[in-house]
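Written out below as structure tokens is the structure these notes cover.
The values are calculated or read from the model by the stated rules, or taken from the named source; none is laboratory data. The model shown is predicted, which means the values in this text are computed figures rather than measured ones. Cβ placement follows ideal geometry from the backbone for every residue including glycine, while neighbour counts extend to all protein chains displayed. Surface accessibility is based on the protein's heavy atoms, side chains included, excluding ligands, DNA and RNA. Shrake-Rupley method; radii C 1.70, N 1.55, O 1.52, S 1.80 Å.
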Amino acid sequence: MRKTVTMFILLVSFCIVFAGAVAAVPEVEVEVVEENSDPVTVTSPGDEVDITANATTDEYLDDPAVILTLDPESGLTVNDEEAVMIYDGGEYQNDPADPFFYWDDQYGWVWWIGWVYGDQLPGEVAQLFVPATVSDIGEITVNAEYYQWPAEATDPILLDTDSYTFLSVAQVSGETVPMQDTGTPLAVAALGLISIVGGTVYGKLR
């Protein structure tokens, strides 16, 4: 898992550098990817995926955080203990005793970027990687809201939003989908049909 996380982070960092990492405004991007880092489009319950998010800014942010919510909430089972954050070249593994990624009953999943230094300087890129398991069917959306919460502010200040939607479908196969019970065995029905057709033809021949 650690090797996969490191390779993914290096790939994301490379893309950010060559795409122009300086954002015009504070910006958050969220995505759900497969183990090979391809974006998830169609999946099924039980499949393992990864929630990824990037938060960039060209201005000073005081105690920034990203709130992640799921629609529906049952869409993904999030493994918060395996969450990894990359910030200012450092890699941080989530610690349940002192987490930077955790569940809050009021807000949802909180990615506390300010956990590292208490702020985010212009040009600093924060990245999040969270393993999860698909646990529902239908359209599943991950929403991200980027905030800062200065000490003098009563409420957090919204900076940017993003969302990612994919489809989860039930796995269907000939072995898992039972035939409907019509009350008439197939062989008996076939013999009955042959008898009807044979009787009709015999009658016309006579």
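Yes/no matrix, rows are residues, columns are (1) of a type outside the set (Phe, Trp, Tyr); (2) buried (at least 20 other Cβ atoms within 10 Å of the Cβ); (3) modelled with pLDDT of 95 or more:
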residue	(1), (2), (3)
Val84	yes, yes, yes
Gln93	yes, no, yes
Leu128	yes, yes, yes
Pro131	yes, yes, yes
Gly138	yes, no, yes
Tyr146	no, yes, yes
Asp160	yes, no, yes
Glu175	yes, no, no
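Looking at the structure I just gave you, is Ile113 surrounded by 17 or more Cβ atoms within 10 Å (Cβ to Cβ), within 22 Å of Glu34 (Cα to Cα) and of a type in the set (A, V, I, L, M, F, W, C)? Working first, answer last.
Details: surrounded by 17 or more Cβ atoms within 10 Å (Cβ to Cβ): yes; within 22 Å of Glu34 (Cα to Cα): no; of a type in the set (A, V, I, L, M, F, W, C): yes.
It is false that Ile113 is surrounded by 17 or more Cβ atoms within 10 Å (Cβ to Cβ), within 22 Å of Glu34 (Cα to Cα) and of a type in the set (A, V, I, L, M, F, W, C).
Residues of the range 25-38 that are more than 15 Å from Ala144 (Cα to Cα), in contact with a strand residue (DSSP E or B) (Cβ under 8 Å, 6 or more places away or on another chain) and open to solvent by 50 Å² or more (accessible area, probe 1.4 Å): Val25, Glu34, Glu35.
Only one residue in Ser13, Ser44, Ser37 is among the polar types (S, T, N, Q) and modelled with pLDDT of 95 or more. Which one? First the steps, then the outcome.
Values: Ser13 fails: modelled with pLDDT of 95 or more; Ser37 fails: modelled with pLDDT of 95 or more.
Unique residue meeting the criteria: Ser44.
Taking the range 20-34 as the range and being closer than 22 Å to Pro122 by Cβ, at pLDDT 90 or above and of a type in the set (A, V, I, L, M) as the test, the residues that pass are Val28, Val30.
Can you pull out every residue in the range 39-76 that is assigned to a helix (DSSP H, G or I) and open to solvent by 10 Å² or more (accessible area, probe 1.4 Å)? It would help to see each step written out before you state the result.
Here is the first cut: in the range 39-76, the residues assigned to a helix (DSSP H, G or I) are 73-75.
Glu73, Ser74 - these are the residues of the range 39-76 that are assigned to a helix (DSSP H, G or I) and open to solvent by 10 Å² or more (accessible area, probe 1.4 Å).
Of everything in the range 144-173 that is in contact (Cβ under 8 Å) with a residue 40 or more places away in the chain and of a type in the set (Gly, Ala, Ser), the residue that is nearest to Gln106 (Cα to Cα) is Ala144.
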